[in-house]
């Protein structure tokens with residue numbers, strides 16, 4: 001029954017017109033689909049969820065902004081966004097990964113680990129956050145970055161794989 005509810009309300013959320021009114025209320029449809037929405041957020045949509053049936057593993061803090069075509073892949077572990085996060089278009093949260101090695105059946109196994117994004121984090125357009133990553137409070141992930149390891153609070157990271165660009169805890173002078 002949960003899967004049918006999720007399928008229905010996620011589809012409804014993703015087919016609302018792209019109007020300011022819809023963007024302000026889309027979070028309620030995601031909540032009805034089973035996403036753990038902690039409060040009002042702005043969601044442009046569409047939102048991609050893999051697998052269907054995984055909505056309860058996605059936890060989104062209040063006051064978040066989620067741009068278009070954001071993907072939550074959580075077949076093995078939860079994905080958590082803190083409060084007031086800013087998520088750019090086409091960001092992928094990939095909570096599962098395949099083994100580099102073939103198993104005894106000649107296939108690559110799938111593993112997963114939680115993704116945790118702290119409060120006030122900004123993830124730029126097209127970034128990919130992989131399984132097991134924690135991004136600290138106030139951090140910024142540059143557009144197109146691939147985050148494969150821990151990001152310290154108030155740090156700017158970018159690149160493939162993402163590396164520290166600078167400390168954001170002290171504003172630049174000048």
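The values are calculated or read from the model by the stated rules, or taken from the named source; none is laboratory data. All figures in this text were calculated on a predicted structure; none of them were measured in a lab. Positions of Cβ are backbone-derived with ideal geometry, glycine not excepted, and every protein chain shown enters the neighbour counts.
Figures for the structure shown
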{"item": "Top-ranked residue in the range 41-53 [being touching a helix residue (DSSP H, G or I) at 6+ places or on another chain (Cβ under 8 Å), under 22 Å from residue 96 (Cβ atoms) and in a loop (DSSP other than H, G, I, E, B); ranked as modelled with the lowest pLDDT]", "result": "52"}
{"item": "In the range 10-40, the residues that are out of contact with any strand residue (DSSP E or B) (no Cβ under 6 Å at 6 or more places or on another chain), closer than 21 Å to residue 82 by Cα and part of a loop (DSSP other than H, G, I, E, B)", "result": "34, 38, 39, 40"}
{"item": "Matching option when the condition is within 25 Å of residue 39 (Cβ to Cβ) and touching a helix residue (DSSP H, G or I) at 6+ places or on another chain (Cβ under 8 Å), among 78, 153, 114", "result": "78"}
{"item": "Selection within the range 87-116 - within 17 Å of residue 54 (Cβ to Cβ), under 14 Å from the mean Cα position of the chain (by Cα) and in a strand (DSSP E or B)", "result": "92, 93, 94, 96, 115, 116"}
{"item": "Which numbered condition residue 63 fails, given (1) at pLDDT 95 or above; (2) surrounded by fewer than 16 Cβ atoms within 10 Å (Cβ to Cβ); (3) part of a loop (DSSP other than H, G, I, E, B)", "result": "(2)"}
{"item": "Residue 68 in a strand (DSSP E or B) and either under 16 Å from residue 30 (Cα atoms) or free of Cβ contacts under 8 Å to residues at least 24 places away in the same chain (or both)", "result": "no"}
{"item": "Odd one out for residue 109 among (1) closer than 26 Å to residue 139 by Cβ; (2) surrounded by fewer than 19 Cβ atoms within 10 Å (Cβ to Cβ); (3) touching a strand residue (DSSP E or B) at 6+ places or on another chain (Cβ under 9 Å)", "result": "(1)"}
{"item": "All positions within the range 1-21 that are within 20 Å of the chain's Cα centre (by Cα) and either on the phi > 0 side of the Ramachandran plot or surrounded by 15 or more Cβ atoms within 10 Å (Cβ to Cβ) (or both)", "result": "6, 7, 9, 10, 13, 14"}
{"item": "All positions within the range 22-34 that are under 17 Å from residue 68 (Cα atoms) and either surrounded by 21 or more Cβ atoms within 10 Å (Cβ to Cβ) or under 16 Å from the mean Cα position of the chain (by Cα) (or both)", "result": "26, 27, 29, 30"}
